[in-house]
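Okay, structure first, notes after.
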C-alpha cells in the first residue's frame, strides 16, 4: 500500500526530545476497556549521544583566564595584603589554587598584616588551555582525569542529547482514518465491521482479575492432606474436642505424670472447667496399674499414680488424645482392622517465635491391625510422602513416651541441601494398647507432622504469623496459587 | 530432648579415632542421636553476650549432641563413648559391680522419721580411689546437672549431693529440721547462714532460685549431717562448703534424696556406673547402707542386672526382618544388652544392665535390635490392611460449604481458637460471666485467657490487620468455638460455627443477608416459617439497635446477623460500618 503515498526520505527526521517519551510499553493492569494501541503510522527510535560543554564559569575562564592565574597577575612585585587580595572577584578560589600550585607565598609576619607575594616568575594557565580545547570541540583529546577534575570544579559538564529518528511505519498513511476501539452489537447487526478498521490490542497489558473469594492457603493444604488420607483408605477421626482430660491426653498414652510435657510451662491447663468427671473406670484402673506397678510384660514406671492428676482438664497437646479414644472404642468391639487420620488444632503453652505459635494443626495417621511391622510403618510413610512429592526419605531412631520403636522421618531438601525432619512416627507401646483391651497380636503404627511447617516450606513463608491468625496478609491469600503438593 | 556438650578432641581421643563432622553426624543419626551444633565456648559467649565478651574464651571445638530423653546413660562424655564403642563393637560393655569395703566398715546413712513429710527417700554410694582431672571433674558436675534437669525433674523428684568423704565421718543422718535450727556454710560461701537466710541468699541466684519452692513452704527442711554434726547438704538446694569435692578428691560419697525412690535408684546407678570408670578398681562401686525409720536396711547402689527372654520370631515379626537368633543376639549386644540364644534357638536371653532403666518392656528390646540392624536397612512394605475410608460428616459438610462461600465472593480467614477475655466479652459489649467460655488457668499472656466463644472477634481482628486492602472486605471462617457443657465428660464441647463479615463504606446488610439466603439455598433449606428458615428482629449488644435479627431454622435458633454496633467497630480499631453473620452448622448435618 505504501506505493500510493508520497515518500519520506528513507531515513531520517531527527527531532529534539519532547517532554514525553514516545512509544512506551504498557504493563499496568488496564483499568477500563480493552488494551488498545494505535497502529504504527510512523516509527520512532530513540537515540542518545553525549557531549562535553563549558559551564558559564568555564566560558568566563576561557575569556579571562583561570582564577588562580588572575590572582597571580594581580600581585605586584611588592606583594599585596591578603585582605585586599580577598576582595578581588577571583580572590578566594584563586588564592587557594595558586597556593597549592606554589605560584604565590604568604608572609604572615609582614608589616600591615599578612601579605601575598609572587613565588615564581611566570605561570602557565593550563586550566584555561584545557578549557579552550573543549571549546574547540576537542574534549576527547583531554585525559579522563583532567576532564573529571574540571567537571568537579564545575567548569565542564556532560550533556546527554536524546534524539528521535522517525521513519514511515508499517501502517503509514497521510490520510487520517478514525479507528474503532471495539466491536459493537450495531456493527454485527449492520455488518459494518467488514469495512471498519480496529485499533490493535496491547497484549502486553494484564487483564482485569475476576471478582472472587479465596480459600485460605493453609486450609487448601489441609484439603490436600485429607484427600491423600482418603485415597489411602483412612477414616477421619472426630477431633472436634479441643478440651481434653489429662487422662486421655497423657495417662492413656502411658505418659508418666511427672513427664515434662505435663508441666505448666508446656501445657495449657483449665481453670474452668478444671476437671473431667467421667472416665471408663475399669479401663482407668488398668491404666493406673500399668503406670504404678507395670503388667502386660512391662515393668511400669513404679510411682504413685494419682487420679487427681489424670482429672485435670487441658487444651489437648496432640490429636493422639483422640486416637487414644478411638483405639479404646475399637477395643470395645470385635476387632476389625482400622486406619484413622485427623488434621486439627493442638495447643502448647510454649515460648513463641517466628515458627512457633501457641496453637497449630497436627496431621496424624494411625493403622491398627494384626502383625504390623516397622517395615510396614516405613512403607506406609513412603507412600504417604510420595503423594506429597517427597521421595527421598530416611529414618532416625528417636524417643516418644508412647511409641516404641519410634522413628523420626527426614527428607532431603533440595533447596536447603540438607536432610530436614518432616515427621515423627512409631509403634504404639503395648502399655498403651493392652489396657484398652486390644488383642495381644494387634500392632498400631502411627505418625504425625504439623500442617504449618510443610506449608511454610512450600510457599516460602518465614514468619508463621503471616500465614496463621488475624495478622495474615490478605493479599497473600488473594494471590495464592492452587495447592498441588506433588507438583 | 537434653543436649550434651562435649569437647571434640576429648571425644575422638576416647573413641580412639577421628571423624569428619559428616562422618560423626552420620554415626549419631544411625544410633539415634543428633549432632545439633558444632561450636566453641567463644562462639557461645559471643552469640549470647556479643563479640566483646568472648575475648579470651576458649575456642576448643564443642559438639552439642541431642540425646533421647530416656537415655540417661548417654548424658555425659563417658556414657556416650561407651555406648558408641559398644555399638561399633570396639569394646565390650563393662560389667558394673557393687562391693562391700575390704575392712567391712560400710558407710551408713540413717533416715529419720521427720523426712517423711518433706522428702522421704535417700540412697547412697561411695566412689573409692577415684582419679579426677579437670575434664573428668567438669564432666562429673555436668552429668549431675543434666540428671537434675531431666529425670530429677529440676530436683523435685531427686537431688544429688557429692561429697569429699575424707572430710567427714559417718554414720550420716538424713533428717528434717525447722529452718531456724539449720545453720551451715553453703558451698562456695564465706560464712555460715541459717536455712532461712540461705533461701533469701539464693532468691536472686539465676540457677538455685528455681529450686527454692520445693521446700520453701514446708515446716521442716531436709538436711544431712555427719556424725560430728557437719552439714553435708540441705537437699534439694545446696551442699555444705565443708565437704566440697575438687579435682584432688580421692573418695566421693554420693547421696540422692528423693520423693520418688525408683528414680533415686536410677540416678544413683547412672552416676556411679559412669564415673566408676575412673576408680582404681574400674567399674567397681563401694556400697553404702541406708537404714529407714522402720529399721529396714537397704544396700545401695542396686546395680541390678535383670534378665528378659524374647522370642527371636517376635523380634523379626515386629521389625519386619528375618535374622537368625544368633545374629539378633549379636545386634542386641551391640546396644549394651548382652544377649545369647537359649533353648535350641527358640529364645534369646537378654541381660538388662543397670544403665538401661529405659528398657521396661520387650518392645524396648525390639527397638534396640532394629536400631542395631539399621532402620534404613529395613525393607519397606505396605500393610495388607483393607479398610474403606470415611469422612467425618461435620468436616465433610465444612469442606463443601467453604468451597461455596469462596465462590460467593468471600475470602477465608483462619484465626486463633484462643483469645483474651476482652475479645469475646468487653469488646462485644457482654459480661464475661454471661458467656459459657472455657478459662485457661496458666496463660502466659492475655492472648490465651479463654477459648473463643465466637468467630467474630477473630474476623474483626483480621480486618484491623488488613486496613490497607481495598474495600469491600468480605471474609468468612468455618471453625470450632468452645463452650462449657456439663453433659460432656470434660465439661466442655466444641461447636462448629460459620461466620462472615462485610466491611465497607456502607453497612451492606443486604449482602450479609443475601449470603445467609445463599447458605440456606446450599443446605436445601427454603425460606419458610414451618420447615425452613426465617429471621426475626432481635437485640444483641454486639449489633446496632434495630439492625439485628435472630436466625431460626430446624426448629431452633442457629445464630444472628445484623449491622455491628459502632462501639464494637471502634473497640476492634475499625472505622467503617460492618455487617456480620454467625451461625452454628451442626443442625444441618
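So the values come out like this:
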quantity: Sorted by Cβ density within 10 Å, fewest first, the residues A:188, B:266, B:45; calculated: A:188, B:45, B:266
quantity: Distance (nanometres) between label positions extended 7 Å along Cα→Cβ at residue B:426 and residue B:99; calculated: 7.2
quantity: Proxy reagent accessibility, fewest Cβ within 10 Å first, across B:73, B:66, A:353; calculated: A:353, B:66, B:73
quantity: Burial ordering of B:76, B:298, fewest other beta-carbon atoms within 10 Å first; calculated: B:298, B:76
quantity: On Cα atoms only, tilt of B:134-149 relative to the major axis of chain B in degrees; calculated: 40
quantity: Cβ crowding within 10 Å averaged over residues, with B:247-253, B:199-205 ranked highest first; calculated: B:247-253, B:199-205
quantity: Average beta-carbon neighbours from other chains, 10 Å sphere, peptide B:491-498; calculated: 4
quantity: Computed over segment B:306-376, Kirkwood Rh from alpha-carbon pairs, angstrom; calculated: 11.7
quantity: Overall form of the protein assembly as shown per C-alpha gyration tensor (a/c, 1.5; a/b vs b/c); calculated: oblate
quantity: Chain B, helix-only ellipticity at 222 nm - DSSP H runs n ≥ 4, -39,500 (n - 2.57), divided by all residues, nearest 500; calculated: -8000 deg cm²/dmol
quantity: Net length gained if the chain between residue A:121 and residue A:175 were fully extended (0.36 nm per residue, minus Cα distance); calculated: 11.9 nm
quantity: Between helix B:509-522 and chain B: long-axis angle, C-alpha atoms, 0 to 90°, nearest 10; calculated: 80
quantity: Other protein chain Cβ atoms within 10 Å, averaged over every residue that makes up A:311-319; calculated: 2
quantity: Cα centroid of segment B:188-222 to Cα centroid of segment A:420-487, whole Å; calculated: 45
quantity: Chain A: relative contact order as a whole-number percent, Cα under 8 Å and 6+ apart; calculated: 15
quantity: Alpha carbon Rg of segment A:286-431, scaled by the compact-globule rule 2.2 N^0.38 Å; calculated: 1.19
quantity: Tensor-based shape of chain A (alpha-carbon gyration tensor, a/c under 1.5 rounded, otherwise prolate or oblate); calculated: oblate
quantity: Per-selection Kirkwood Rh - segment B:393-588 (Cα, Å, 1 d.p.); calculated: 17.1
quantity: Peptide A:442-450, shielding by other chains (average Cβ, 10 Å cutoff); calculated: 1
quantity: Centre separation in Å (Cα based) which lies between segment A:193-238 and segment B:140-170; calculated: 63
quantity: Residue A:459-residue B:210 pseudo-label distance in nm [points 7 Å out on the Cα-to-Cβ vector]; calculated: 3.7
quantity: Relative contact order of segment B:306-376, pairs being alpha-carbon contacts under 8 Å that are 6 or more residues apart, as %; calculated: 37
quantity: Chain A: angle of helix A:320-331 to the longest principal axis, Cα-based, in degrees nearest 10; calculated: 30
quantity: Contact order normalised by residue count of chain B, Cα under 8 Å, 6+ apart, percent; calculated: 11
quantity: Helix-derived mean residue ellipticity, 222 nm - over chain A, DSSP H n ≥ 4, -39500 (n - 2.57), to 500; calculated: -8000 deg cm²/dmol
quantity: Shape of segment A:174-216, Cα gyration tensor, a/c cut at 1.5; calculated: oblate
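Here, each number is a calculation from the coordinates, and none is a lab measurement. Predicted model, so just to flag it, every value in this text is computed and none were measured. Virtual Cβ from ideal backbone geometry, glycine too; neighbours counted across all protein chains shown.
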